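Enquirer: Sharing a structure below in structure tokens format, with a few things to ask.
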Amino acid sequence: MFNTQRMKSVFLHQKYKISTFPIPIWELEQIIIDRGYDVCISSKSQASFILSTTVFVPNLSDTHNRFCLSHELGHIMCNHYDVYRVDKYTKSKYEAQADAFALYLIMPPFCFDRDLEQFNEWDLSEKYGVPVESVIKRAALITEPSNKEMRIF
Ligand SMILES: [Zn+2]
């Protein structure tokens with residue numbers, strides 16, 4: 001269902017040779033900056049968002065910001081323009097795609113799928129620097145029928 005988002009995350013893993021986990025915050029910021037955007041850490045908002053060419057993220061924790069930055073990067077990578085002006089259906093589709101991209105980016109298929117067979121969700125949450133709920137959501141992406149076939153290869 002989210003094959004495009006998975007492919008786009010794999011593209012970035014290869015381009016930036018991402019091999020350290022959790023992915024450092026600075027590295028996510030660099031990827032965003034390389035796409036022509038600025039990153040602004042703002043304590044005024046509890047949620048992240050994009051305004052023009054600036055990505056705003058709240059000043060909460062690395063764990064939270066890692067997901068927020070990756071989610072907003074997902075909107076950029078998937079060319080989601082006018083996220084705040086589209087209809088409700090399109091908006092929820094965009095949000096689901098940005099979430100899927102973020103999960104794939106933070107927990108790459110090349111190592112997460114193997115780790116999942118060896119470690120529990122708390123160990124994985126620590127390794128990848130995300131909340132346990134994100135690990136569970138990421139694991140659910142693997143069991144989707146369309147992705148299951150691809151694991152055979
Ligand atoms: Zn969003």
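Enquirer: For segment 3-153, what relative contact order do you get, as a whole percent, if you take Cα pairs closer than 8 Å and at least 6 residues apart?
Expert: 25
Enquirer: Can you pull the percent of Cα pairs in the chain with separation above 27 Å?
Expert: Everything past 27 Å amounts to 19 percent.
Enquirer: Would you list SER70, SER45, SER134 from fewest to most Cβ contacts within 10 Å?
Expert: SER45, SER134, SER70
Enquirer: What ranking do LEU73, LEU124, LEU116, LEU51 get, fewest neighbouring Cβ atoms within 10 angstrom at the top?
Expert: LEU51, LEU116, LEU124, LEU73
Enquirer: Through the Karplus equation 6.51 cos²θ - 1.76 cosθ + 1.60, θ set to phi - 60°, convert the phi angles of segment 78-92 into ³J(HN,Hα) values in whole Hz; use x for Gly and Pro.
Expert: With the stated coefficients, segment 78-92 comes to 9, 6, 7, 7, 6, 3, 8, 10, 7, 5, 4, 5, 5, 4, 5 Hz.
Enquirer: Moving on. Within the P(r) computed for segment 73-140, what percentage of the Cα pairs occupies the region above 13 Å?
Expert: Taking all Cα-Cα pairs of segment 73-140, the fraction more than 13 Å apart is 64 percent.
Enquirer: Let me ask you something else. What are the ³J(HN,Hα) couplings of segment 111-123, residue after residue, when phi is run through the Karplus curve with 6.51, -1.76, 1.60 and θ = phi - 60°? Round to Hz, x for glycine and proline.
Expert: Coupling constants for segment 111-123: 10, 5, 4, 6, 4, 4, 7, 10, 10, 8, 5, 6, 4 Hz.
Enquirer: Only bridges whose two residues both fall in the chain count here: according to DSSP, what percent of them are antiparallel, nearest 5?
Expert: 40
Enquirer: Can I ask one more? Hand me the chymotrypsin sites (Phe, Trp or Tyr not before Pro) from segment 1-100 located in a DSSP loop with no more than 14 other Cβ atoms within 10 Å, in residue order please.
Expert: Those that pass, being in a loop and sparsely packed, are TYR16, TYR81, TYR84.
Enquirer: Count neighbours as other Cβ atoms within 10 Å of each site's Cβ, and list the trypsin sites (Lys or Arg not before Pro) in segment 31-115 that are DSSP loop with at most 12 such neighbours.
Expert: Passing both the DSSP loop test and the Cβ count: ARG35, LYS44, ARG85.
Enquirer: Using the crude model of +1 on Lys and Arg Cβ and -1 on Asp and Glu Cβ, and no other charge, please compute the dipole size for the chain relative to its Cα centre, in debye to 20.
Expert: 360
Enquirer: Would you list LYS8, LYS127 from fewest to most Cβ contacts within 10 Å?
Expert: Arranged by neighbour count, lowest to highest, LYS8, LYS127 become LYS127, LYS8.
Enquirer: Still on this model: Helix-only estimate, please: 222 nm mean residue ellipticity of the chain, summing -39500 (n - 2.57) across DSSP H runs of length 4 or more and dividing by its residues, to the nearest 500.
Expert: Roughly -19000 deg cm²/dmol at 222 nm, from the helical runs in the chain.
Enquirer: Can you tally the net charge around LEU12? Count Lys and Arg as +1, Asp and Glu as -1, for every other residue whose Cβ sits under 15 Å from the Cβ of LEU12.
Expert: +2
Where a number appears in this text, it was derived from the coordinates with a stated rule and is not lab data. Predicted model only: the values in this text are computed from it and were never measured. Every residue, glycine as well, gets a Cβ built from its backbone with ideal geometry; the counts of neighbours run over all protein chains shown.
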